[in-house]
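Bear in mind these aren't lab numbers, they're just calculated from the coordinates by the rules spelled out. Since the structure is predicted, the reported quantities are computational estimates derived from the model, not experimental observations. Every residue, glycine as well, gets a Cβ built from its backbone with ideal geometry; the counts of neighbours run over all protein chains shown.
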Amino acid sequence: MKRPLQCVLISTAAVLLLTACKFNDRPAFIQGPVTKVVYDGVSNDLLTAGLGADGLAGAAPVFADALNPTPDELRKLAIYNNYRALVNTAPGGGYGEFFGPQVGTAGDGMVAGTEYLAFMGVAGSDQPVTVMVQVPDQFDPAAPCMVTAPSSGSRGIYGAIGTAGEWGLKKGCAVVYTDKGTGTGAHNLMTNGAQTLDGTLTTDPAAPVQFRAGLSDTERQAFNAAHPDRFAFKHAHSAVNPEADWGQHVLQSIEFGFYILNEQFGISVKQDRVISTITPENTLVIASSVSNGGGASVRAAEQDRKGRKSLIDGIAVSEPNVNPQYDRAIRIVQGAGPAISGHSRSLLDYTTALAVYQGCANLAPGIRDEAPFNGVLNNFAVAENICTSLFNKGLLTGTTVDARATEAQQILQQEFAIQPEQNLVAPSHFGANVAQSIAMTYANAYGRFGVEDRLCGLSLAASSGITGEVTPLGDAQEAALFAVSNGIPPTGGVNVIYDQAVGVPTLLPISQSPSTSQMDFGLDALLCLRGLATGVDPLTGDKLTGHARAQARAIAKGIKAIRASGDLQGKPAVFVTGRADAVLPINHTSRPYYGLNQKVEGAASGLRYYEVLNAHHLDAFNAFPGFDSRYVPLHHYYGQAMDLMYDHLRTGAGLPPSQVVRAIPRGSAPALTPANLPAIAAQPAAGDLIHYRNGVVQIPD
């Protein structure tokens, strides 16, 4: 239970005596002004930007002037896009019944309150990080609560609006957001255009912006002469490895949250000073969010060290991108299957493997014609070329396309511990450039490379829809980047370009590799990234030499800096992950982290791990045919995890033991029902329990 405020105020006729009271000082890490906007919950609001639940499920809002959107218009479209990117709003998928702004609230789910926005800095970095606090009108200063909402993926400041944001606001908690130093900052190197704090564009070199590449005017002009119409993106090109500081970003966002809450609810005294009345001692703080945001909150909890004032009371995250330190003594066993010791690979390791092999694996029997959107998003002729190129390079041995595709799939499952449950999900992700774009962005970020390095011959630009050649980005597209970009191209009209493709720099998916002279998704570039991820030549197995070796060492250093310790300081925690996750494979994220935590903390561990069957990473895909019948919304279980943690911290209610949750797809049924979504059980069946014993994480089938 939280301790009461230890601040005593004694008022006399002549003097105000303060005992053990703390003045509410603005954090030194806040840079520049703090903007403040009050939303009435009728014409506009914190959660839906005035769209309401129906508006979030409807058509996208449009700008009155496409070339000059207002900050409010950009905010509205950003909230619309970020909400729908993580939550399935299609009929029958659970929206409006199991989750959504309108569920459990009156009306259309709009939330009145105040929004505060600012830039902050982190020691050792000169790149600004966006931070935001939303305080709903129903916030109760007598029973204060706070939820962290670092953005998922590389998204901007509203990236967690539909997950931690929605849950916290509906609960009456203040919600503290950060873009984690990734965000949607895009620098047009030709025009010097960049986004300000509110998303509007500026070319003023003196204006505070989310991101500009670290090039002098002379360097930028020289780069433009050689590589015109390129963009630099913050996550890929900030040269600071933002992930290494994700935990600090979240902790600082909490400190900023306390500052804002006390400015609004603290006790005003003379000389315009405010005494803090809402403190870590009397406020319930849940570190939360999903995917990258979940990983950031986990890292924050690890860094919320004993010996300093604790800010976080509990953790509840979904599908966290957490890279645990590898412990060879820990093994993972599912059912009666073989023990997996090759777990805890880094994100860049398994992602570059997916980038290299998945394009061919898409053609494997049982996958080619069964995987949703495989034939829509993937060009099967290019996929065959990938298989052929891999064979010619000695990476596959099969003599037919079917044999090569099957072998590629087996490599991913046997050598990289990828779950077979992800096989039908992964083709759509490859077609959407998920692994390829992650590999390019994170290799740059981990190695602290700049846009001028053009790692593995890759750059970012708009491209022709026919030839794939580089073109200028349209003015209207650039004006909307803050609202439509997910921070990791391809996004918002900016794509990944292979500068070393045969002919001219070309859109990566239709690039011809120099070594093969065939259109194979720029396989040479993907193999280059694979080599940098491992430090060895993927064709020969020899250690890299020269410049490539130096690049690989820089990347390895960056990966070491983001590894998680598994020590949550005994804080209660809940992880929810879908077994079919094809973005963050569970044998390298949640499963080994659970094992590492059990080994590190032992009996003091407060972590519970819930693995949901028939659920994957991107619920938004469940709106489409093939996904809707096969998969359930993991978002529903994220909400349950948050409820469980809140009740545990508020009332002392026990957390259910770690378990497999056997969710049931709706199949041909028109809509999900409660029968499809069994609750996380307070007392699960013995055959559903997840255990850690003698170094083994035991997962039921």
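Charge dipole (Cα centre; +1 on Lys/Arg Cβ, -1 on Asp/Glu Cβ; no other charges) of segment 347-560 amounts to roughly 660 debye.
Remark: the Cα gyration tensor places segment 344-409 in the oblate category, a/c being 1.5 or greater and a/b not exceeding b/c. With R₀ set to 22 Å, the beta-carbon distance separating T399 from L539 gives a calculated FRET efficiency near 0.65.
Label positions at S517 and A603, each projected 7 Å from the Cα along the C-beta direction, are separated by 7.1 nm. Stretched out straight at 0.36 nm per residue, the stretch from D126 to Q410 would grow longer than its current Cα-Cα span by 97.8 nm.
Straight Cα distances below 17 angstrom link K22 to the aspartates and glutamates E255, E263, D272, E281, with same-chain residues fewer than 8 positions distant left out. Shape annotation for segment 169-306: C-alpha extents along the principal axes are 58, 38, 30 Å, from largest to smallest. Net length available on complete extension from K309 to V269 is 11.9 nm, with 0.36 nm assigned per residue and the Cα-Cα distance removed.
Sorted from largest to smallest, which semi-axis lengths in Å does the alpha carbon gyration tensor of segment 112-191 give for its equivalent ellipsoid, taking the root of 5 times each eigenvalue?
Numbers: eigenvalues 146, 34, 22 Å².
Sorted largest first and rounded, they come to 27, 13, 10 Å.
Charging the Cβ of each Asp and Glu at -1 and of each Lys and Arg at +1, and nothing else, the dipole of the chain about its Cα centre rounds to 1980 debye. Take the Cβ atoms of A66 and S216, set R0 to 51 Å, and the FRET efficiency comes out at 0.95.
Going by a ≥ b ≥ c, the root eigenvalues of the Cα gyration tensor, does segment 549-687 fall in the rounded group (a/c under 1.5), the prolate group (a/b larger than b/c) or the oblate group?
Values: a/c = 2.49, a/b = 1.23, b/c = 2.03.
Judged from the Cα gyration tensor, segment 549-687 comes out oblate (a/c at least 1.5, b/c at or above a/b).
When D229, D369, D402 are arranged by Cβ crowding within 10 Å, least crowded first, meaning fewest neighbours, the order is D369, D402, D229. Considering only G159, N192, A78, the residue lying farthest towards the positive end of the dipole of segment 65-224 is G159, judged by Cα position with unit charges set on Cβ. Computed over the chain, the per-residue total of -39500 (n - 2.57) for DSSP H runs of n ≥ 4 gives a 222 nm mean residue ellipticity of -8500 deg cm²/dmol, rounded to 500. Relative contact order for the chain: 14 percent, from Cα pairs under 8 Å spaced at least 6 residues apart, divided by residue count. Shape of segment 371-437 from the C-alpha gyration tensor: oblate (a/c of 1.5 or more and a/b not above b/c, with a ≥ b ≥ c the square roots of its eigenvalues). Considering all different alpha carbon pairs of segment 481-624, the Kirkwood hydrodynamic radius works out to 18.9 Å. Counted by neighbouring Cβ atoms within 10 Å, the residues C173, C145, C360 run from fewest to most as C145, C173, C360. Segment 246-305 and segment 617-648 have their alpha-carbon centroids 27 Å apart.
When all C-alpha to C-alpha distances in segment 347-560 are sorted into bins of 5 Å, what percent of pairs does each bin hold, rounded to whole numbers? Bin by bin from 0 Å, the calculated values are 1, 8, 15, 19, 21, 17, 12, 6, 2, 0. Sorting the Cα pairs of segment 438-543 by distance into bins of 10 Å, from 0 upward, gives 15, 42, 33, 8, 1 percent per bin.
Taking the Cβ of each residue in D524, D619, D688 as the centre, tally the other Cβ atoms inside 10 Å and list the residues starting with the fewest.
Details: D524 22, D619 31, D688 15.
Listed from fewest to most nearby Cβ atoms, that is D688, D524, D619.
For segment 411-417, putting each phi into the Karplus relation 6.51 cos²θ - 1.76 cosθ + 1.60 with θ = phi - 60° gives couplings of 4, 5, 7, 8, 8, 10, 6 Hz, in residue order, rounded to whole numbers and with x for Gly and Pro. Over the chain, the ratio between the Cα radius of gyration and 2.2 N^0.38 Å evaluates to 0.93. Per-residue 3J(HN,Hα) values for segment 251-256, derived from phi via the Karplus relation 6.51 cos²θ - 1.76 cosθ + 1.60 with θ = phi - 60°, read 4, 5, 5, 5, 4, 5 Hz in sequence order (x marks Gly and Pro). What the phi angles of segment 43-60 give under the Karplus curve with 6.51, -1.76 and 1.60, with θ = phi - 60°, is a coupling list of 7, 7, 7, 6, 8, 10, 6, x, 7, x, 4, 5, x, 5, 8, x, 6, 5 Hz, glycine and proline written as x. For I699, the residues whose modelled amide H falls within less than 5 Å of its own, excluding neighbours fewer than 5 places apart on the same chain, are V333, Q334, G335.
Given the pairs K171/K571; K36/K171; K170/K560, which are separated by over 26 angstrom at their Cα positions? Please report the intermediate quantities before stating the final value.
Values: K171/K571 21 Å; K36/K171 22 Å; K170/K560 38 Å.
Those over the limit are K170/K560.
Applying 1/(1 + (r/R0)^6) with R0 = 22 Å to the Cβ-Cβ distance of A225 and D204 gives a FRET efficiency near 0.45.
Suppose the chain between Q569 and K557 were pulled fully straight at 0.36 nm per residue; how much longer would it get relative to their current alpha carbon spacing?
Numbers: separation 12, 0.36 × 12 = 4.32 nm, distance 2.54 nm.
Contour length minus Cα-Cα distance gives 1.8 nm.
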